[in-house]
1. Could you give the length gained by full extension between L235 and N25, i.e. 0.36 nm per residue of separation minus their alpha carbon distance, to one decimal place?
2. Compare the Cα positions of M380, L332, G358 along the charge dipole of the range 332-408 (+1 at Cβ of Lys, Arg; -1 at Cβ of Asp, Glu; about the Cα centre) and return the one farthest towards the positive end.
3. Taking Cα atoms, how many degrees apart are the long axis of helix 26-37 and the longest axis of the chain, rounded to 10 and kept between 0 and 90?
4. What distance in nm separates the two pseudo spin-label positions at E261 and V385, each 7 Å out from Cα along the beta-carbon direction?
5. Okay, which of the range 218-259 sit inside 18 Å, backbone N to the point 7 Å along the Cα-Cβ direction of N107?
6. Pull out the extension gain between Y245 and K361, defined as 0.36 nm times the separation in residues minus the alpha carbon to alpha carbon distance; nm, one decimal.
7. Which one, F172, F313, F268, has the greatest fluctuation when you compute a Gaussian network model over the chain with C-alpha springs under 10 angstrom?
8. So, counting K/R as plus one and D/E as minus one, what does the shell of residues with Cβ under 14 Å around I392 add up to?
Amino acid sequence: MKLFYFILPLSFLTLNSCKENKPTNPLDQLKKDVYYLANDSLEGREIGTKGEKIAADYIAKRYETIGLSSYNNSYLHQIERKGNNPHDSSTYEKLIKGNNVIGFIDNKSKSNIIIGAHYDHLGWGEEGSLHLSENNIKAIHNGADDNASGVSALFYIANKLKDKKLNHNIYFIAFTGEEKGLWGSKYLTINDSSLISKTDAMINMDMVGRLDSNNRLAIYGVGTSPSFIPTLEKLNEKPKFSFKYDSSGIGPSDHTSFYLENIPVLHFFTGQHEDYHKPTDDAEKINFSGLEKVSSFITDLVLDLDKKEKIVFTKTKEKKTKSRSFNVTLGLIPDYLYDGKGMKVDGLKDDRPAKNAGLEKGDVVVKMDTITINSMNDYMDALGVFEPEQTIEITVIRNNKERTQQLTFD
Ligand SMILES: [Zn+2]
């Protein structure tokens, strides 16, 4: 919890993270990078704030240390969008400015592979926080998993690839404004057609710091090129991740902007958790050896994709975007990586229907009232049919036993 925060002197952080002479081992470096970016002094890295600029400068410095070339003579590339800056009501619908941070390995090639991760987060949580809405108290949202983890992986991969002989130029892009709605990546794809038109594939890392003990790794966009699944399967012989595939190129992160330009995309994600978009998404909760494992896997993937003559793009079928509207919610976080029967509960909010009814983390919901719940989709559909204050029976499986309890919506 970061309700009461103190500011570490930046000079201390700078000394500890940038002025390195002796090489740091990759795992320690991942820790340093996540702890720096997710420190309270950066105040949640919201686009347009001082914390975002400190983060951008840090990323540029890391690129320089690794030896990446700057892009068009600069690592920082300003973007601007009209929006509502919640820190200042007088700026409503004024321009908000931030920076994408771009570095690359120049292999004198005509084609590129882009590896991306957004570095902005929710600041004090005025917009998009799941904390503020429940507690009505502002707090710093450090976004260690979302997405200091992905940015640290970016450095890891850049470091591993920089001295290799490769067929593509490899771009490393830390995006800003993702949390506002993919601002940084959209700005780039709209305004830099010379870079985009020569890009063969884009790999996005957004929330890769919470690998669980079952090694579950979600990979979205696998349907955007026929090359992807065979390559991923081949490379997984050793690390043995338990993959959860989703074919669609459209998802809630920056790869979507590239997919819409007909570029094959992959998005890596270690799964949803109860600290998502809350002040408790902190560096102490990162699984650093898991983060290293994911980073190393993506390094191998890039090396493999780099050898391919052409990475063919295929459009994916979008799931029916029938917009769902719910009259009720249960106040729980589903386990999006669970692929068994039913809907598995990954977390519960205090004083909400699910917790009040006695549901526990790990329960698998299989029935609500008369509706059988076989999947996440069934669960979402079911939510559409109930009314506030209605009481229903909910059946869950806990320790292999079915239990049914009464649940009252709020
Ligand atoms: Zn994110």
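Derivation of every value follows stated rules applied to the coordinates shown; laboratory data play no part. Nothing here was measured: the structure is a model prediction, and the numbers come from that model. Every residue, glycine among them, receives a Cβ derived from its backbone with ideal geometry; neighbour counts consider all protein chains shown.
1. Values: separation 210, 0.36 × 210 = 75.60 nm, distance 2.37 nm.
Going from the current span to full extension adds 73.2 nm.
2. Going by the charge dipole, the pick is G358.
3. With rounding to tens, the tilt is 70 degrees.
4. 4.5
5. 227-228, 231-232, 235
6. Full-extension gain reported as 39.4 nm.
7. Answer for the Gaussian network model of the chain: F313.
8. Cβ neighbours under 14 Å give a net charge of -4.
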